[in-house]
Amino acid sequence: MKIREIAPGEAPPMALLLLADPSEKAVASYLDTAECFIAETDDGIVGTYIAGGISGEAAEIFNIAVAEDVQGQGIGRAMLMDAIERYASKGYLWMYIGTGNSSIGQLALYQKCGFRIDGIIRDFFTDNYEGKIVENGIWCRDMIRLVKTLQCDIETGG
Ligand code: ACO
């Protein structure tokens, strides 16, 4: 599997991006300013992520998605590690990611990859998304923000 930035003029994999974020408007807004990467095998595109700087010191993964038929095989973890290494080597100090309070598997994966909970944006999903989102039987209302230290000497255990 290879992870690469999409080429100029190459269409971003919208169907995959909408798996992670049902708001086309939100996807279009961060696609406009951030970078889109794809994970591909000989069979085609299996995953994607969008990331970019949010300040001089911090970057964020805005969207990460793996094709449904190949989820749970390590592709999401590989893309997270790719983003971490890529933005650390660009000199960023922190990598942020946000997900819903109901996204139990995603919260597990991000913490296994070294992210720590940094804050909660209460009512983010009820305020910004149409319709009630329910996942794992839980009403998705709040965004959990997580952060990972990219430069290990800043904080032990980062
Ligand atoms: N409890 C504990 N661990 C869990 C749980 C759980 N309930 N659910 C998943 N995990 C762990 C697995 O054990 C595994 O850990 P391991 O690497 O130690 O074995 C890990 O989470 C899953 O890792 P991958 O196989 O790499 O994950 P995958 O390739 O399926 O990608 C992703 C994860 C991107 C979340 C994928 O499932 C997906 O596309 N889901 C739909 C879209 C989505 O929700 N995207 C994220 C939204 S938030 C955002 O975009 C910023």
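The values are calculated or read from the model by the stated rules, or taken from the named source; none is laboratory data. Nothing here was measured: the structure is a model prediction, and the numbers come from that model. Because the Cβ atoms are built from the backbone with ideal geometry, glycine has one as well, and the counts that use them run over all protein chains shown. For the accessible areas, the whole protein counts, side chains as well, though only heavy atoms, and no ligand, DNA or RNA atoms are used. Shrake-Rupley method; radii C 1.70, N 1.55, O 1.52, S 1.80 Å.
Annotations
- FRET efficiency for E40 and K90, using Cβ-Cβ distance with R0 set to 30 Å, rounded to 0.05: 0.85
- Backbone HN-Hα couplings from phi across the stretch 93-105 [Karplus 6.51/-1.76/1.60, Hz, Gly and Pro as x]: 9, 9, 10, 9, 8, x, 8, x, 4, 8, 8, 4, x
- Placing dummy labels 7 Å off each Cα toward the beta-carbon, the span from R122 to V134 is 2.4 nm.
- Surface per residue (accessible, 1.4 Å probe) for the chain, Å²: 55
- Efficiency of FRET between L18 and Q151 - r from beta-carbon atoms, R0 30 angstrom, step 0.05: 0.35
- Applying the criteria of a DSSP loop state and at most 14 other Cβ atoms within 10 Å to the trypsin sites (Lys or Arg not before Pro) of the stretch 1-85 yields no site.
- Size of charge dipole - the chain - debye, nearest 20, with Cβ of Lys, Arg +1 and Asp, Glu -1, no other charges: 420
- Those GluC sites (Glu not before Pro) in the stretch 1-86 that DSSP places in a loop and that have at most 12 other beta carbons within 10 Å: E10, E57
- DSSP bridge pairs, the chain: antiparallel proportion in percent, nearest 5: 90
- In order along the stretch 28-34, phi translates into HN-Hα couplings of 4, 5, 7, 4, 5, 10, 10 Hz, rounded to whole numbers, per the Karplus curve 6.51 cos²θ - 1.76 cosθ + 1.60 with θ = phi - 60° and x for Gly and Pro.
- Selection of trypsin sites (Lys or Arg not before Pro), the stretch 86-128, meeting DSSP coil and at most 12 other Cβ within 10 Å: K90, R122
- Between amide H atoms placed 1.01 Å from N, distances below 5 Å from N63 occur with I50, all of them 5 or more places distant or on a separate chain.
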